[in-house]
Structures are given as C-alpha cells and as structure tokens.
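Student: Dropping the structure in here first, questions after.
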Amino acid sequence: MNRMRYIYNAETCKYEPVIVSPKDAARRLVRFIGISFVLGVAALLYFNSRYPHIDETFQTQINKGLKAEWDVLNKQLDRTSAQLSALEHNDDHNYRVILDLEPLDQSQREAGVGGRAKASEGIYYPMVRQAYEQAEKLKNRLEIEAQSLQQLQDELARKEKIWASRPAIQPVSNKDLKQLHTLFGLRMHPLLGYVRPHNGLDFTAPQGAPIYATGDGSVAIAQYSETLGNMVFIDHGSGLQTRYGHMTKFIVYAGEKVKRGQVIGYVGNTGTSVGPHLHYEVLHNGTYLNPINFFQRDLNNKEYEKLIEIGSQSVISLD
Amino acid sequence: MALTKFYYNPKTLRYERARFSVVRIAMGIVGYLVFGFVFFAALLFLQNLIIETPKEKQLRAENRALSEHKVILSALLTESNHQLTDLKKKDLSLYQQLFETAAANTTGQVFPEREEILLSDKAEFNESVSQLGNRFTELIHSAQSGNNFFSLNARVGRKDMPELIATPSIAPIQNFELEKLVSGFGVRINPFHKGKYQHDGVDIAAPRGTHVLATAPGRVLITKKSDLIAGYGNYIEIDHGNGYITRYAHLEEIEVRTGQKLEKGQPIGTIGSTGGSIAPHLHYEVIKNGVSLDPVKFFMEGISANQYEVLLSQSKKQNQSLD
C-alpha cells in the first residue's frame with residue numbers, strides 16, 4: 001500500500017520521488033500527537049463538565065450498597081430489641097408480679113453492669129454511632145435480663161421448696177379412712193373426763209394403715225410418749241410443724257429428710273387412745289391451726305361439706 | 001508543500017496525479033480520534049489517580065467506616081441473638097415451671113420464616129385467603145341474621161332490669177389486662193401438692209396494692225380477716241341480689257364494712273397474698289344461687305369480641321393455680 005509518491009520538478013522536468021526528511025517526519029508526528037492530545041484534553045474537559053469524578057461515582061455506588069446493608073443491620077437490631085422487649089415485659093409484668101418482686105425500670109435495664117468503655121465514642125458517623133449505641137444498649141439489656149431471669153429462677157426455686165414443704169394433703173388415704181373427726185378446739189376428753197382443747201384432727205383408720213408425711217420437711221422428733229404414743233414431729237420450715245400420734249410404729253428417725261406422701265409410720269392405738277386412729281396436728285409458729293385448712297382443697301365443695309357434717313356429728317373424740 | 005503529488009502506475013506506465021482519497025482522509029480522522037481517545041483515557045486515568053475530590057475523599061472514608069464497623073456490629077448482633085435465644089429458652093422454662101404448662105404465646109416470633117412460608121406457596125396461600133374470606137362473609141351474614149332475630153325477639157323490660165343490674169359485668173381489678181388472668185375456672189393444679197383439684201374461681205395476678213373493684217352494685221355480705229396461711233385469707237363477699245354473690249379472696253387490705261352498700265366499680269380492697277396463696281393475686285368467684293360459675297363469662301364490659309376469645313382460651317388452660 002505504501003506506494004512511493006512523486007512530485008513533478010518543473011526545473012528538471014522530471015518526476016522525483018518525495019523524500020521525507022527525518023525532521024519533516026518528526027514534525028508531522030509531533031503535529032499528529034499534538035492534535036490528538038488537544039482532542040483528548042477537549043474530550044476530558046467535556047467529560048468533566050458532564051459527568052462526576054469516576055472514583056466519586058464508584059464510591060457513591062459502594063456507599064449505596066453499604067447503606068442498604070446497614071438498613072438491614074439496623075432492622076435486625078430493632079427486631080432483636082423488640083423481641084427482648086417482649087421478654088422484659090413478660091419478666092416485669094408476669095413473673096415479677098407472681099414471684100412478688102419489684103419490676104426493673106427501663107433506665108436500670110439500659111444502664112447495664114457498668115464499667116465498660118463505650119465503643120460508640122469518637123465515631124463521627126451518626127449512623128454508625130447510633131448503631132453502636134443501640135447495640136450497646138441491647139447488650140446491657142440482655143445482660144440485665146439474663147441476671148433478672150436467673151434471679152427469678154432462684155426465687156422460684158426458693159419458693160417451690162417452701163410450697164413443697166407446705167402440709168397440703170390428707171395424712172391418711174381416703175380408702176383407709178373410716179371416719180374423720182373434724183372437731184377442733186375445746187371438747188370433753190373421753191378418758192380424762194374434763195374439757196380441754198383438742199388441738200388436732202382424728203383420722204379413724206384400720207390398724208396398720210400407712211400414714212403419709214403431708215409436706216416435705218425433716219423429722220424433728222420420732223419417739224414414744226405417754227400421751228401421744230408413738231409419735232413423729234416434722235418441721236416444714238417457715239414456722240410450720242406437723243405432728244402425728246398414736247402410731248403402731250414409726251419408720252423414720254429424727255433428722256431424716258422426708259418427702260410429701262412418704263410413709264412415716266402406721267395407724268395404731270398407742271398412748272392415750274381408745275381405738276386405732278391417727279391424731280394429726282398442724283402448728284404455725286407454735287400455734288395450733290385447724291389441719292382441715294391444709295388439705296380441704298383436694299376435695300370438691302360437696303365432699304368438703306360432707307366432711308364437716310361427719311365431723312360435727314361426733315361428740316366424743318377418740319383421743 | 002502545496003505541490004501536487006503523483007503516483008507511478010505500473011499498469012499504465014505513467015505518473016498519475018494522486019487523487020483526493022476519502023478513505024485516506026477518513027483514516028486520518030480515525031487516527032486522530034483513536035489517538036485522541038487514547039490520550040483522553042490516559043488523562044482520565046491520571047486525573048482519577050492524582051486528583052481526589054473532597055466528596056470522593058469523604059465518601060471513601062465513610063465507606064471504609066461503614067464496612068469496617070459493619071463487620072464488628074454484625075458480630076455483636078450475632079452474639080446478641082445467641083444470648084436472646086438463650087434467654088428465650090430460660091423464659092420458656094420459667095413459664096413452664098410457674099404455670100406447669102407450656103407457654104401458648106411465644107414471645108417474639110421470627111418474621112422471615114413466616115414470610116418465607118407465605119411466599120413459598122403463593123397459590124395455595126391465596127386460595128386459603130379467599131376461602132377464609134368466603135367463610136368470613138358467611139359468618140357475618142349468619143351473625144347478622146342472628147342479631148336481627150335477637151333484636152326482634154329480645155326485649156329488655158322493666159322486670160329484667162334487676163337481673164341485669166345484679167349481674168357482675170366488669171373485670172374485678174383496676175387496669176385489667178388480658179395477660180393478668182393467669183388461671184381459670186375448672187380442674188387446675190394445686191401449687192402446693194401439684195395434685196389436680198377443682199378451682200372455683202379465676203386467679204388474676206397483679207402487683208400488691210392494686211385496687212380490687214366491686215363488679216356489680218350490691219351490699220357487702222362478709223368481710224373476713226384471717227392470718228391463717230391457708231384458705232381465702234382476707235376476703236370479701238358481696239351480695240348483688242337476684243342470687244348473685246361475688247367473692248374476692250387473698251386481699252391485703254379490706255376497705256369496706258359488712259352491710260355497706262356498693263356501687264359498681266367501687267374499690268373494696270387491695271391485692272395481696274394472704275391465706276393459701278403463692279403470689280400476689282386476686283381469687284375471684286361468681287356464685288349464682290349457690291353454684292359457682294366461670295367468672296370469665298362475666299368480664300363483659302370494655303372488652304372486644306377478640307379480646308374475649310383470648311381471655312377464654314387463656315382461662316381454659318389446665319395450668320397451675322395460684323390457689
């Protein structure tokens with residue numbers, strides 16, 4: 001393609017090949033590059049006038065993406081926070097009410113355990129700072145709630161123990177029970193023949209019928225006495241004691257831990273007694289309470305009425 | 001330079017005048033453009049490399065901060081979520097221990113799962129929605145005709161007024177909320193011996209000192225104070241007439257006298273935990289002609305149909321009472 005070019009020399013009347021001197025070639029090259037460069041600069045100026053800085057565009061794009069991710073993060077934070085709020089509400093309004101504890105207030109919950117350096121300090125970006133603040137608040141609340149739940153758990157365990165120790169069942173099963181003498185208070189003693197207080201209830205049952213501990217506790221006394229015969233005293237804590245008398249024999253020893261429903265002995269006729277029966281007493285801080293209050297709820301109302309009726313009919317107790 | 005140029009044509013064996021060539025000129029322009037573009041690209045690259053606009057600088061810094069802290073915060077969040085899951089388990093176990101029953105409304109559901117389920121079978125979902133819609137319309141119609149029948153046939157006359165007035169109709173405590181009803185009427189678990197027994201009232205848990213209200217006008221039948229750690233503790237019975245008697249047990253304070261006349265909603269005492277009770281609560285009974293009725297059926301005023309449904313389902317749970 002690169003054909004030789006000629007010019008017509010009028011003086012010599014000849015076609016002479018055009019010889020481009022290196023100087024000329026260089027000049028042309030410079031001209032070409034110069035014009036291209038000017039074109040390039042013009043294009044750049046035009047570009048700059050129309051479009052933002054390239055890296056700026058890039059960063060804006062990245063920024064948009066990041067902000068979308070942060071939105072998700074913030075939503076997740078909100079959701080976790082809302083779920084925690086539900087737990088806290090349950091804690092304050094249900095558990096703490098039932099376990100008789102004061103609810104925690106919000107400032108207490110957000111304050112946290114304290115002594116931690118704040119991660120949000122010195123951060124310029126409000127979005128980041130707020131997220132840190134929220135995350136920190138969340139962390140504090142979580143810690144407080146964990147402590148609170150632990151406290152509730154401990155309190156419940158403590159109370160469960162007390163509830164389990166409360167005398168709450170009949171000491172003799174209904175299937176063995178022949179008669180229940182519900183007369184509590186002053187009455188004529190069948191053997192002594194004068195009025196003296198009857199501090200418990202008498203459960204008439206066949207000799208050898210099992211006697212159950214009515215609540216968890218520890219055996220305070222298990223021995224023979226002139227009046228109560230073979231007897232067992234059980235301490236239930238919180239000032240409560242139950243006493244069981246006239247047993248054929250007891251099968252627990254002083255200091256032994258007993259569970260509700262555990263057989264502690266058998267119905268008998270020992271001590272000042274005129275027939276096989278269990279004499280059962282409930283004491284609170286040394287005061288005799290009517291034991292009927294400590295098992296009545298096992299029976300429905302009609303049954304309970306019947307019980308009272310049977311009891312009130314018996315004029316003479318077996319004690 | 002302006003000299004005419006010639007080419008030697010080997011075919012014609014003559015020097016021919018160089019023609020004005022479009023291709024040549026086009027090639028020249030393309031050459032300028034290509035090189036111009038190369039320069040443009042190079043300059044743009046350099047400009048990008050050397051010059052940093054304030055906005056770019058700011059964005060760059062922000063992006064760096066955002067991506068760095070996102071990692072840290074995500075880790076924090078994951079940790080928090082683990083703790084939360086742990087707390088939820090503890091909460092659930094506490095609930096089960098307290099009420100001897102499984103929790104019905106788990107606190108805080110995870111929404112994405114639900115959304116996923118909804119989206120997973122859109123057609124079926126739409127179908128069930130439309131079915132539910134139809135069923136709903138049917139129910140509305142039947143309710144309307146029922147209402148119509150009722151309004152045509154039911155007339156409240158003067159002779160019905162004493163019965164209506166005597167019927168207990170409000171929640172028996174101040175600021176009642178549905179979740180405060182913790183144990184209902186029927187066979188429940190006794191908190192002391194964990195056996196089942198007939199619970200003749202409802203238990204409403206509330207902080208000590210909350211006012212207990214008379215649920216209908218009436219006259220105080222019994223006020224009883226008792227230190228005994230079993231039974232009703234301090235309690236009040238109100239005779240509303242027409243065979244209605246209400247009983248309010250385990251009170252801390254009694255603020256009325258026997259024989260006193262009461263208005264509906266009048267404070268009569270405060271919540272306590274006296275008698276055989278394991279927590280501060282009100283044990284509330286409604287008795288009609290000597291028979292204990294489910295008191296939940298008498299929480300009528302200020303409660304919507306939906307709330308009533310919630311209350312009813314809550315009271316039907318065979319859980320532990322507070323006695």
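Bear in mind that the values in this text are calculations on the coordinates, not laboratory data. Predicted model only: the values in this text are computed from it and were never measured. Positions of Cβ are generated from backbone atoms using ideal geometry, with glycine treated the same way; all protein chains shown enter the neighbour counts.
Student: Mean residue ellipticity at 222 nm from the helices of the protein assembly as shown, using -39,500 (n - 2.57) per DSSP H segment of n ≥ 4 over the full residue count, to the nearest 500 deg cm²/dmol?
Tutor: Calculated mean residue ellipticity at 222 nm is -14500 deg cm²/dmol.
Student: Give me a comma-separated list of calculated 3J(HN,Hα) values for segment A:220-235, in order, Karplus coefficients 6.51, -1.76, 1.60 applied at θ = phi - 60°, integers in Hz, x for any Gly or Pro.
Tutor: Calculated HN-Hα couplings, in order: 8, 9, 9, 7, 9, 10, 4, 7, 8, x, 6, 10, 10, 10, 10, 8 Hz.
Student: If we count every other residue with Cβ under 9 angstrom of B:Ile189's Cβ, Lys/Arg +1 and Asp/Glu -1, where does the sum land?
Tutor: +2
Student: Name the residues whose placed amide hydrogens come within less than 5 Å of the amide hydrogen of B:Leu221, ignoring near sequence neighbours (fewer than 5 apart) on the same chain.
Tutor: Residues meeting the criterion, in which the H sits 1.01 Å from N, are B:Glu237, B:Ile238, B:Asp239, B:Gly259.
Student: A follow-up question, please. Can you list which of the trypsin sites (Lys or Arg not before Pro) found in segment B:251-297 are DSSP loop residues with at most 13 other C-beta atoms within 10 Å?
Tutor: Within segment B:251-297, the qualifying trypsin sites (Lys or Arg not before Pro) (loop, at most 13 other Cβ atoms within 10 Å) are B:Arg257.
Student: Under 5 Å between amide H atoms, partner at least 5 residues away or on a different chain: which partners does B:Tyr15 have, H built in plane at 1.01 Å?
Tutor: Residues meeting the amide H criterion: B:Asn9.
Student: Report, by chain and number, residues whose modeled amide H sits under 5 Å from the one on A:Ala209, excluding near sequence neighbours (fewer than 5 apart, same chain).
Tutor: Here the answer is A:Val267, since their amide H atoms fall under 5 Å of that of A:Ala209.
Student: With θ set to phi - 60° and the Karplus curve 6.51 cos²θ - 1.76 cosθ + 1.60, what are the ³J(HN,Hα) couplings of segment A:86-92 in order, to the nearest whole Hz, using x for Gly and Pro?
Tutor: 4, 4, 4, 4, 4, 4, 5
Student: For segment B:171-316, what number results from the quotient of the Cα radius of gyration and 2.2 N^0.38 Å?
Tutor: Working it through for segment B:171-316, the quotient is 0.97.
Student: Something else about it: At a Förster radius of 56 Å, what calculated FRET efficiency corresponds to the Cβ-Cβ distance of A:Tyr224 and B:Lys316, to the nearest 0.05?
Tutor: 0.60
Student: Okay, moving on. Relative contact order, percent, of segment A:245-300 when contacts are C-alpha pairs under 8 Å separated by at least 6 residues?
Tutor: 31
Student: Over the alpha carbons of segment B:126-190, what is the largest minus smallest coordinate on each principal axis, giving the biggest first in Å?
Tutor: Principal-axis extents of the Cα atoms in segment B:126-190, largest first: 44, 42, 27 Å.
Student: Rg to Rh ratio, segment A:66-165, alpha-carbon atoms and Kirkwood radius?
Tutor: Here the Rg-to-Rh quotient is 1.11.
Student: If you don't mind, there's one more thing I want to ask. So which trypsin sites (Lys or Arg not before Pro) in segment A:1-68 are both in a DSSP loop and have at most 11 other Cβ atoms within 10 Å of their Cβ?
Tutor: Hits after loop and neighbour filter: A:Arg3.
Student: Provide the per-residue ³J(HN,Hα) series for segment A:10-21, in order, calculated from phi with Karplus coefficients 6.51, -1.76, 1.60 and θ = phi - 60°, each as a whole number of Hz, with x at glycine and proline positions.
Tutor: Result, ordered by residue: 5, 6, 8, 6, 10, 7, 10, x, 6, 10, 8, 6 Hz.
Student: Along its principal axes, what span do the Cα atoms of the protein assembly as shown show, with the longest given first and each in whole Å?
Tutor: 174, 72, 45
Student: What is the local net charge at B:Ser80, summed over the other residues whose Cβ is closer than 13 Å to its Cβ (Lys, Arg +1; Asp, Glu -1)?
Tutor: Residues near B:Ser80 contribute -1 overall.
Student: If contacts are Cα pairs under 8 angstrom and at least 6 residues apart, what is the relative contact order of chain B in percent?
Tutor: Reported relative contact order: 16 percent.
Student: Which helices pass in chain B if a helix is a full DSSP H run, must span at least 18 angstrom along its long axis by Cα, and must have mean Kyte-Doolittle hydropathy not below 0.0?
Tutor: Once both thresholds are applied, what remains is B:22-50.
Student: Tell me, what is the percent relative contact order of segment B:205-323, built from C-alpha pairs under 8 Å that lie six or more residues apart?
Tutor: 27
Student: About the Cα centre of chain B, how large is the charge dipole given +1 on each Lys and Arg Cβ and -1 on each Asp and Glu Cβ? Please answer in debye to the nearest 20.
Tutor: Taking the Cα centre of chain B as origin, the dipole is about 1820 debye.
Student: Which value, in debye to the nearest 20, describes the size of the charge dipole of the protein assembly as shown about its Cα centre when Lys and Arg Cβ atoms bear +1, Asp and Glu Cβ atoms bear -1, and nothing else is charged?
Tutor: Dipole of the protein assembly as shown, to the nearest 20 debye: 3520 debye.
Student: What is the magnitude of the charge dipole of segment B:220-283 about its Cα centre, with +1 placed on the Cβ of each Lys and Arg, -1 on the Cβ of each Asp and Glu, and no other charges, expressed in debye to the nearest 20?
Tutor: I would put it at about 140 debye.
Student: Can I ask one more? Grab the other residues whose beta carbon is less than 11 angstrom from that of B:Thr258, score K and R as +1, D and E as -1, and report the net.
Tutor: Value of the local net charge: +1.
Student: For segment A:6-50, what D do you get in µm² per second when you plug the Kirkwood radius from alpha-carbon pairs into Stokes-Einstein at 37 °C and 0.692 mPa s?
Tutor: 244
Student: Of the cross-linked pairs A:Lys161/B:Lys225; A:Lys139/B:Lys88; B:Lys180/B:Lys316, which ones have a Cα-Cα span greater than 20 Å in the structure shown?
Tutor: Flagged as over cut-off: A:Lys161/B:Lys225.
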